[in-house]
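Peer 1: Encoded as structure tokens, here's the structure I'll be asking about.
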Amino acid sequence: MKLKIFITLLIFVFGYSEMNAQPFETIKLPAPQKTGGMSLMEALANRQSQRSFSSKELSQQQMSNLLWAAYGVNRPNGYRTAPSARTAHEFDIYIIKNDGWYVYDAEQHAMLKMGNENLQEHAGTQDFVQTAPVNLVFVADMDKMASFSEEMQVFYSATDVGYISQNVYLYCAAEGLATIVRGQIDKAKAKEVLKLRPNQQVILAQTVGYPGE
């Protein structure tokens, strides 16, 4: 009986570990540049979806600015650049690049490297996904919305991801970068390769890079 319980615990522990990848490197990003640049009205005028991307890599400063604009901490109380229903802050941004995959840690303003695998083929179904240097996958943690009804979890996660993706659009417009938000992603496969927990759900993806020719 004791042996059976021990084996069951081992299966649970190892199964849980596989679904909860741990970072093996923390890449501290430079401070985001919060002054200068294009005016908001100009950025709105330039905002657009683009489907052609160069493979040119973004700089660390651009990655810093991009992630902070998307979902960074902008006040001492830990609140973000994007609103969140009941301040659940239920989203994680997974960053898929050709040198590995990462999770944005807003509190540390850092990219947590989760693996060296190139998962670009799982970041979306369109050809340009594998050409662009950065694909963001927006993942909602429903455990952080436990006080919400199931209907409200679906509603607010859909609403909140809209704010985040629009922040990305406006940053890219101001920086002269191309971007497009996408629903065309195999969510079940992405959930598997990103080692998400059962209550973490892939909602949308967004591609970012320099415009292609």
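Coordinate-derived values only; no laboratory data. What you see is a predicted model; the values in this text were computed from it and never measured. Note that we place each Cβ from the backbone using ideal geometry, even for glycine, and neighbour counts take in every protein chain shown.
Peer 1: At a Förster distance of 45 Å, what's the computed FRET efficiency of Glu213 paired with Ser147, Cβ-Cβ distance as r, to 0.05?
Peer 2: Numbers: r = 49 Å, r/R0 = 1.10.
In this case the efficiency is close to 0.35.
Peer 1: Please compare each pair in Lys56/Lys189; Lys34/Lys195; Lys97/Lys144; Lys34/Lys189 to a cut-off of 31 Å on the Cα-Cα distance and tell me which ones are over it. Don't jump to the answer; show the numbers that get you there.
Peer 2: Details: Lys56/Lys189 27 Å; Lys34/Lys195 33 Å; Lys97/Lys144 27 Å; Lys34/Lys189 36 Å.
Correct reply: Lys34/Lys195; Lys34/Lys189.
Peer 1: Something else: So what's the gap between the Cα centers of segment 43-114 and segment 178-213, to the nearest angstrom?
Peer 2: 13
Peer 1: Normalising by the residue count of the chain, find the relative contact order in percent from Cα pairs under 8 Å and 6+ residues apart.
Peer 2: Numbers: 397 pairs, mean separation 62.2, N = 213.
Averaging sequence separation for qualifying contacts and normalising by length gives 29 percent for the chain.
Peer 1: Which order do His89, His122 fall in if you start with the one that has the fewest other Cβ atoms within 10 Å?
Peer 2: Values: His89 19, His122 22.
Result, fewest neighbours first: His89, His122.
Peer 1: Mind listing which GluC sites (Glu not before Pro) in segment 40-130 are in a DSSP loop and have 11 or fewer other Cβ atoms within 10 Å? Could the numbers behind the result be given before it?
Peer 2: Numbers: sites: Glu42, Glu57, Glu90, Glu107, Glu117, Glu121; in loops: Glu57, Glu90, Glu107, Glu117.
Sites meeting the loop and neighbour criteria: Glu107.
Peer 1: If r is the Cβ-Cβ distance from Ser59 to Phe155 and R0 is 35 Å, what FRET efficiency results, to the nearest 0.05? Display every interim value, and only then the final one.
Peer 2: Values: r = 37 Å, r/R0 = 1.06.
The calculated FRET efficiency here is 0.40.
Peer 1: Using 1/(1 + (r/R0)^6) with R0 = 35 angstrom and r between the beta carbons of Asn77 and Lys189, what's the FRET efficiency to the nearest 0.05? Let's see the in-between values first.
Peer 2: Working: r = 37 Å, r/R0 = 1.06.
Rounded to the nearest 0.05, the efficiency is 0.40.
Peer 1: What is the fewest-to-most order of Asp160, Asp186, Asp141 by other Cβ atoms lying within 10 Å of their Cβ?
Peer 2: Numbers: Asp160 24, Asp186 15, Asp141 18.
Ranking Asp160, Asp186, Asp141 by Cβ neighbours within 10 Å, fewest first, gives Asp186, Asp141, Asp160.
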